[in-house]
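The values are calculated or read from the model by the stated rules, or taken from the named source; none is laboratory data. Quantities reported herein were computed from a predicted structural model and do not represent experimental measurements. Every residue, glycine as well, gets a Cβ built from its backbone with ideal geometry; the counts of neighbours run over all protein chains shown. SASA here: full protein model, heavy atoms, side chains in, ligands and nucleic acids out. Shrake-Rupley method; radii C 1.70, N 1.55, O 1.52, S 1.80 Å.
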Amino acid sequence: MNEITVSAKTLDDAITEALIQLGATSDQVEYDIIEKGSTGFLGIGSKQAVIKAWKKVETPEVEEIKEEIKQEIEKEKELTIEEKVVEEHPAKEQKEHKLGKVEDKTILACETFLKDVLKTMGMEVEIVSHIDEEGALNIEMKGENMGILIGKRGQTLDSLQYLTNRVANKSQEEYVRVKLDTENYRQRRKETLENLAKNIAYKVKRTKKQISLEPMNPYERRVIHSALQNDKYVSTHSEGEEPYRRVVITLARK
């Protein structure tokens, strides 16, 4: 087990620093609190927060599930609409891909597909669907051991979402978008990435050296770009080819 010890002014700061060092998100890391930390009185006698942290170990069953899903994706070589977005310009909308109305038969097809996949995985999951304000089909999955459906950095969840989008767009002519989520992972991951971006930007400004992040999917790269687009002291760009494309954060040119 690769265990690290991290200290910071607050417990939240220590946890964030541990996530950065381990290159992981909060759902992938476990930690023990050694010292909660305290501010003291008027700054006198303050103590830093200290934690020991390590990455969770994935079971062979999880690896088998992920491998099966990867094999399914290999059969479909086309990129999804979302993956064709140029993430360096997160504020631009794809006007040419207006969402169509999600038909009842499409919702049924997506739910049936997911139920069949989850049954094969031996999981009992409640599925709740609704159309969001953007007109996309949101599907929430509820049950035990949802971490299996999330996978490392959300890869399993993203793979299921990819396949469900394929099912949806084979069910009707107008383009529709499907978003899968469980245990509010999407929002938690977004917040983790935004915190990561700000912490890395601070290090870049302090050390005056560029930093390359771990490979991310197009959506996650856009989150990083968006989080730092108003920081006039740093700039971001992406390098590499999929699936190893990553965001690089550098000092902004004056």
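Being in a helix (DSSP H, G or I), modelled with pLDDT of 90 or more, open to solvent by 20 Å² or more (accessible area, probe 1.4 Å) and basic (Lys, Arg) is a property that holds for Lys205.
Tally up the residues in segment 184-202 that are open to solvent by 20 Å² or more (accessible area, probe 1.4 Å) and without any contact (Cβ under 8 Å) to a residue 60 or more places away in the chain, please.
Going residue by residue through segment 184-202, those that are open to solvent by 20 Å² or more (accessible area, probe 1.4 Å) are 184, 186-188, 190-192, 194-196, 198-199, 202.
When the remaining residues are screened for being without any contact (Cβ under 8 Å) to a residue 60 or more places away in the chain, the result is 184, 186-187, 190-191, 194, 198, 202.
Going through segment 184-202 one residue at a time, the tally reaches 8.
Among the residues making up segment 99-153, those that are outside any strand (DSSP E or B), under 12 Å from Thr182 (Cα atoms) and of a type outside the set (A, V, I, L, M, F, W, C) are Glu144, Asn145, Gly147, Gly151. Within the option set Ile65, Ile34, Ile15, Ile73, being open to solvent by less than 80 Å² (accessible area, probe 1.4 Å), modelled with pLDDT of 55 or more and either in a strand (DSSP E or B) or out of contact with any Leu (no Cβ under 6 Å at 6 or more places or on another chain) (or both) holds for one residue only, Ile15. For Leu157, the criteria (1) touching a helix residue (DSSP H, G or I) at 6+ places or on another chain (Cβ under 6 Å); (2) free of Cβ contacts under 8 Å to residues at least 40 places away in the same chain; (3) open to solvent by less than 50 Å² (accessible area, probe 1.4 Å); (4) farther than 29 Å from Val125 by Cα hold in every case but one, which is (4). Mind listing just one residue for me: the one in segment 237-254 that is in contact with a strand residue (DSSP E or B) (Cβ under 8 Å, 6 or more places away or on another chain) and free of Cβ contacts under 8 Å to residues at least 24 places away in the same chain and, of those, surrounded by the most Cβ atoms within 10 Å (Cβ to Cβ)? Across segment 237-254, the extreme among qualifying residues is Ala252.
In segment 131-154, the residue that is nearest to Tyr185 (Cα to Cα) out of those that are modelled with pLDDT of 90 or more and surrounded by 19 or more Cβ atoms within 10 Å (Cβ to Cβ) is Met141.
Assess whether Val128 counts as being buried (at least 16 other Cβ atoms within 10 Å of the Cβ) and not charged (D, E, K, R). No; evaluated as a whole, the condition is false for this residue. Scanning segment 141-155 for residues that are under 25 Å from Lys105 (Cα atoms) and under 16 Å from the mean Cα position of the chain (by Cα) yields a count of 1.
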